[in-house]
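The values are calculated or read from the model by the stated rules, or taken from the named source; none is laboratory data. Worth saying up front: this structure is predicted, and the values here are computed from it rather than measured. All Cβ positions, glycine included, derive from the backbone under ideal geometry; neighbour counts span all protein chains shown.
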Ligand code: A2H
């Protein structure tokens, strides 16, 4: 835990057909359902390849003030209720409760993503007490995401353990979105290889890689996709975030 509040951007990844059974009743009422990962890197959303949940994590579907339904931890929904996101202060209506494993393989439409559809996959290192308990995966720029995706790609028994179909994982390649001159256009992949990281459980090395990529990405990164291609990350990060919020693709959240 750091000092002071952490300001996240929650990205709205819409659950689309086939709807998981735990969400079917809500969907049949015509409501839009979103997984809402918290991110510090809204400018990387072009490179999303999947969305992570904790399989044994407890999640709910919560009604927001504007009629949207957000899938996240109850803890996050409670925090949202004090940030003008739900129907009233301290009030958050839970429409369904389920485990992360119940939504594995759900298909999502992720805003800005070059991949038209991404899938919900298991990440075993998610902290249920941070953010929304949902994480969007950008393996080009996040070492944790790259390590977790590599684990699933390389280990058929891991996929089998969680009932993950090959087609939810294997076709998804790293999407280069930010060039760091003199380093890499896939910084997380470079850091993973340089530090000889072997799995999502290499916590100390992943923390090192994460700091390195975060610093380099912000200080030296140049967008290579989207309307701001050629512009520095540090100059367009806030613009991209504000545009997503204005377009109804994201909301602010802090804790
Ligand atoms: B970031 P901080 Cl491209 N458990 O988003 C584990 N990790 C979580 C989480 C949770 N409950 N909630 C959020 N996160 C991840 C993008 C990204 C992120 C990139 C590069 C670095 C990066 C795509 N994943 O984070 O502990 C989310 O991943 C490195 C700082 O609150 C979120 O931003 O500082 C970040 O950790 C928040 O980390």
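Among the candidates 169, 174, the residue that is within 30 Å of residue 102 (Cα to Cα) and within 12 Å of the ligand (Cβ to nearest atom) is uniquely 174.
Determine whether residue 5 is in a loop (DSSP other than H, G, I, E, B), in contact with a helix residue (DSSP H, G or I) (Cβ under 6 Å, 6 or more places away or on another chain), within 16 Å of the ligand (Cβ to nearest atom) and under 20 Å from residue 130 (Cα atoms). No: the conditions fail for residue 5.
Take residue 14 and tell me if it is within 20 Å of residue 109 (Cα to Cα), more than 15 Å from the ligand (Cβ to nearest atom) and free of Cβ contacts under 8 Å to residues at least 60 places away in the same chain. Considered against the rule, which asks whether it is within 20 Å of residue 109 (Cα to Cα), more than 15 Å from the ligand (Cβ to nearest atom) and free of Cβ contacts under 8 Å to residues at least 60 places away in the same chain, residue 14 comes out as no.
Just one of the listed residues (163, 230) is over 30 Å from residue 102 (Cα atoms) and at pLDDT 95 or above, and it is 230.
One line per residue, one yes/no per condition, for (1) in contact with a strand residue (DSSP E or B) (Cβ under 7 Å, 6 or more places away or on another chain); (2) closer than 27 Å to residue 148 by Cβ; (3) within 11 Å of the ligand (Cβ to nearest atom); (4) free of Cβ contacts under 8 Å to residues at least 40 places away in the same chain:
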| position | (1), (2), (3), (4) |
| --- | --- |
| 204 | no, yes, no, yes |
| 215 | no, yes, yes, yes |
| 223 | yes, yes, no, no |
| 226 | no, yes, no, no |
| 229 | yes, no, no, yes |
| 237 | no, yes, no, no |
| 240 | no, yes, no, no |
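Whether a residue is outside any helix (DSSP H, G or I), in contact with a helix residue (DSSP H, G or I) (Cβ under 9 Å, 6 or more places away or on another chain) and within 16 Å of the ligand (Cβ to nearest atom) was assessed, and residue 163 does not pass this test.
Residue 34 meets the conditions (1) within 14 Å of the chain's Cα centre (by Cα); (2) in contact (Cβ under 8 Å) with a residue 60 or more places away in the chain; (3) not in a helix (DSSP H, G or I) in every case but one. The failed one is (2). Within region 214-240, the residues that satisfy the criterion of being in a helix (DSSP H, G or I) and surrounded by 15 or more Cβ atoms within 10 Å (Cβ to Cβ) are 214, 216, 217, 218, 220, 233, 236, 237, 240.
The set of residues from region 192-227 being touching a helix residue (DSSP H, G or I) at 6+ places or on another chain (Cβ under 7 Å) and either on the phi > 0 side of the Ramachandran plot or modelled with pLDDT under 95 (or both) comprises just one member, 226.
Annotation note: Cβ proximity below 7 Å between a residue of region 130-142 that is in contact (Cβ under 8 Å) with a residue 60 or more places away in the chain and a residue that is in a strand (DSSP E or B) and near the ligand (Cβ under 6 Å from one of its atoms) (sequence gap 6+ or interchain) occurs for 131/38; 132/38; 136/39.
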